[in-house]
Amino acid sequence: MRLLMANDAAAVLWGAEWPRGQPQEEFLHQHGILLFTPTGQPLPLDDLTGSRAMASGEPVLYRQLVIRRPDGTRLPVMVDAIPFTSLSLLPRLPQEMTPALPSAERVVLVVYQDVSALKEAERLKDQFISLATHELRTPLTIVAGYADRLLIRAARGKEHELDDWQREMVQEMKQASWHLASLTEELLDVTRVQAGQFQLERRSTDLVALTRQVIEQIQATTDRHQLTFHTSLAQLWVMIDSCRIEQVLSNLLSNAIKYSPEGGPIEITLKEHAETHEARFRIRDQGMGIPRVQQAHLFGRFVRGENVRVAGIRGTGLGLYLCRELIERHGGQISFESEEGVGSTFFFSLPCTKAVYQEKGNTLHERTDSA
Ligand code: ADP
């Protein structure tokens, strides 16, 4: 995509003069300008916003990026790219501004908006949430821990026995405080992701054993749902952050339970896909399903199905956002199929990456093989 014309603000935005007629890739390369996603991943040159709109003929709206200028400063921007299928706007512009434009060529209007002030406000808000949740964490863990100990000691019979009503209350306290503790962890994770401070600690892990362990833990929380695990693999060793993948599995299984209030079967399948060197998971339930209108945005923050709100099932709408982030950071993908009133199936994949890791700057060198 080459530049047809730009206003004066463009030079300030890029920190360099982009001459008319120069392709964008060449301009960026010449000045060492880099583009990043908000979470700090470098944007491939074949995914430039204007080129994307040009290729698809569809507008690309509200895309958030960060520009690293030639002097190293970073500018967060919101980008809109609107392709013109008819060039009706152009005849009204002075001739010298639209030099020799072949009529068949598509023109894209790209608007970059400096969102530094908004990002700063967002950063302060995230910092506040992060501080508040950090501070909440300790007292919460203490309350939850003591409730736990009280129940255990009373059950051992060495101390005073608890009456039934007392035991029930302490049990409630314990559950509520663990629930709060996991909510604060979820919020902390989201603020870490937003601030680009999310690190994976990959270790060689047997996915089959990990999955069995998570299923066992989750099965222990319900007797109205039957969790079954289908796999022909005895083991599957991969380089993953096992805590984070456990978090994803727990989240998807807890959702399958939470959103199947009538109970029912939940099937977990794990396969190794030899051609793509991937581990593929499928988690299927026969629960409430997800309304069509919410499906397109379900991996966004705070997005929840209308049906679950109506049913009064509580949640934050942050779990799937984190799941996607975690899976994509591992180089995998997550998706789902769902029909309201019939059930949902979540799919995710993980590359079967073997233990060859050298950190070189920001580049991670990985060897992929399926053995
Ligand atoms: P939460 O469960 O805290 O609301 P999530 O991000 O985990 O947050 O899920 C977002 C929404 O996706 C849920 O509120 C629910 O509407 C929908 N959802 C997720 N999993 C399922 C499922 N297995 N069945 C039906 N709806 C689901």
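The values are calculated or read from the model by the stated rules, or taken from the named source; none is laboratory data. Nothing here was measured: the structure is a model prediction, and the numbers come from that model. Cβ coordinates were reconstructed from backbone atoms using ideal geometry, including for glycine residues, and neighbour counts include every protein chain displayed. With ligands, DNA and RNA removed, areas are computed over all heavy atoms of the protein, side chains included. Shrake-Rupley method; radii C 1.70, N 1.55, O 1.52, S 1.80 Å.
Before moving on, here are some points about what is shown:
- Taking each residue of the stretch 296-309 that is more than 15 Å from Ala256 (Cα to Cα) and within 8 Å of the ligand (Cβ to nearest atom) and looking for partners that are open to solvent by less than 80 Å² (accessible area, probe 1.4 Å) and small (Gly, Ala, Ser) with beta-carbon atoms closer than 7 Å, six or more apart or interchain, yields Val303/Gly317.
- Among the residues of the stretch 132-147, the ones that are surrounded by 14 or more Cβ atoms within 10 Å (Cβ to Cβ) and in contact with a helix residue (DSSP H, G or I) (Cβ under 8 Å, 6 or more places away or on another chain) come to 8 in all.
- The residue that is nearest to Tyr146 (Cα to Cα), among those in the stretch 156-172 that are open to solvent by less than 100 Å² (accessible area, probe 1.4 Å) and modelled with pLDDT of 85 or more, is Val170.
- Some residue of the stretch 210-222 being acidic (Asp, Glu), assigned by TED's automatic domain parsing to the domain that holds Gln127 and over 30 Å from Lys119 (Cβ atoms): no
- Looking only at the stretch 310-319, residues that are more than 6 Å from the ligand (Cβ to nearest atom), surrounded by 13 or more Cβ atoms within 10 Å (Cβ to Cβ) and under 21 Å from the mean Cα position of the chain (by Cα) come to 0 in all.
- The combined condition, being within 12 Å of Leu65 (Cβ to Cβ) and assigned by TED's automatic domain parsing to the domain that holds Leu109, is not fulfilled by Leu45.
- Leading residue by the ranking (surrounded by the fewest Cβ atoms within 10 Å (Cβ to Cβ)) among those in the stretch 236-262 that are in contact with a helix residue (DSSP H, G or I) (Cβ under 9 Å, 6 or more places away or on another chain) and outside any helix (DSSP H, G or I): Trp237
- Criterion: surrounded by 14 or more Cβ atoms within 10 Å (Cβ to Cβ), more than 8 Å from the ligand (Cβ to nearest atom) and not acidic (Asp, Glu) - qualifying residue of Ile327, Ile290: Ile327
- With respect to the conditions (1) in contact (Cβ under 8 Å) with a residue 40 or more places away in the chain; (2) within 20 Å of Ile245 (Cβ to Cβ), Arg212 falls short on a single one, namely (1).
- Pairs, first near the ligand (Cβ under 8 Å from one of its atoms) in the stretch 251-273, second part of a helix (DSSP H, G or I), C-beta under 6 Å, six or more apart: Asn251/Gly319; Asn251/Cys323
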